[in-house]
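First the structure, in the form of structure tokens, and then the observations on it.
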Amino acid sequence: MMAAHEEIREEVTLPDPGVQRLVHPLDLPEARPQFRTGWLIGALTGLPVSALVAAIVAYAARSALPPIIVFLALTVLGTMAGRWYTDRAWDYIPRKRQDRDRPLPRTWELASAGVLALVLGAALLLIVFRLDDPDVPVTVRSFTFGMCAVAAVLVLADVLVSLARPATRRRGLAGLPGAAVVVLATVLAWTAWFDGDADTVLLFWGAVSMAAAAVLVGATRIWDRRRTAAG
């Protein structure tokens, strides 16, 4: 295995260490296609995208087995394939010169966010149309909308705060497509589900439930960060 790696390195001309000590696969024409392929597979089979695709399959199939198969196939096979291509790209660079901390190009981050936003939009539309069926009572719609409204506010607030800080602006830009989809889906849900008959009490309790869940998640993340810092 090591001999194969050494053979690959001999075929590649790395930048002069005095000019550029750390090297990324995107710097090398030989490694760039494999790294791009690995990233593309990861973007199309990541956990959020796989979960949303499985949810869409579950809605279409009305059965538990097909979405489970789709989810496992996307996550397991996608992770293995993406890792294989990415590792082969890094093999061109000696370990001590690998620039592992370099961020991806901004266009790549936006493209990955666009894929997630597209699949998220499809899943949210299915939810909106399903809950608009006559067999769904207005109480269920009201409670669900309360939760969705708070979730949309939190997602939008997170993106706006990230955009306002230079250190997190890239993350905010990447999150814009998803935030726009969530907000538009929430507006569409209100117009589709209610005709002046929303249950305001259940709207309130749905919002409270989502806010409480958000506080719990936030507290857990803060505790994890402090424990990591202490360690």
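The values are calculated or read from the model by the stated rules, or taken from the named source; none is laboratory data. None of these values were measured; they are calculated from a predicted model. Backbone-built Cβ (ideal geometry, glycine too); neighbour counts: all protein chains shown. The accessibility values were calculated without ligands, DNA or RNA, using every heavy atom of the protein model including side chains. Shrake-Rupley method; radii C 1.70, N 1.55, O 1.52, S 1.80 Å.
For region 202-231, give me the residue count where each residue is farther than 26 Å from Leu110 by Cβ, of a type in the set (A, V, I, L, M, F, W, C) and without any contact (Cβ under 8 Å) to a residue 12 or more places away in the chain. Here the count works out to 9.
Given Thr107, Thr139, Thr86, Thr75, which one is free of Cβ contacts under 8 Å to residues at least 40 places away in the same chain, farther than 19 Å from Ala55 by Cβ and assigned to a helix (DSSP H, G or I)? Quick ask: steps written out before the conclusion?
Values: Thr139 fails: free of Cβ contacts under 8 Å to residues at least 40 places away in the same chain; Thr86 fails: free of Cβ contacts under 8 Å to residues at least 40 places away in the same chain; Thr75 fails: farther than 19 Å from Ala55 by Cβ.
That would be Thr107, the only listed residue that is free of Cβ contacts under 8 Å to residues at least 40 places away in the same chain, farther than 19 Å from Ala55 by Cβ and assigned to a helix (DSSP H, G or I).
Residue by residue, here is whether (1) out of contact with any helix residue (DSSP H, G or I) (no Cβ under 7 Å at 6 or more places or on another chain); (2) of a type in the set (S, T, N, Q); (3) over 17 Å from Leu188 (Cβ atoms) holds:
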position: Val115; (1), (2), (3): no, no, yes
position: Phe129; (1), (2), (3): yes, no, no
position: Pro134; (1), (2), (3): yes, no, yes
position: Gly146; (1), (2), (3): no, no, no
position: Ala149; (1), (2), (3): no, no, no
position: Leu163; (1), (2), (3): no, no, yes
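When residues in region 167-199 are screened for being open to solvent by 80 Å² or more (accessible area, probe 1.4 Å), within 21 Å of the chain's Cα centre (by Cα) and at pLDDT 85 or above, 1 of them pass.
Only one residue in Ala212, Ala164, Ala229, Ala219 is modelled with pLDDT under 80, open to solvent by 50 Å² or more (accessible area, probe 1.4 Å) and among the aliphatic types (A, V, I, L, M), so which one is that?
Values: Ala212 fails: modelled with pLDDT under 80; Ala164 fails: modelled with pLDDT under 80; Ala219 fails: modelled with pLDDT under 80.
Only one candidate qualifies: Ala229.
Quick one: is Ala54 open to solvent by less than 30 Å² (accessible area, probe 1.4 Å), closer than 23 Å to Thr168 by Cα and either at pLDDT below 90 or not in a helix (DSSP H, G or I) (or both)? Considered against the rule, which asks whether it is open to solvent by less than 30 Å² (accessible area, probe 1.4 Å), closer than 23 Å to Thr168 by Cα and either at pLDDT below 90 or not in a helix (DSSP H, G or I) (or both), Ala54 comes out as no.
Across region 79-111, the qualifying residues are those that are open to solvent by 40 Å² or more (accessible area, probe 1.4 Å) and of a type in the set (S, T, N, Q), and the one among them that is farthest from Val183 (Cα to Cα) is Thr79.
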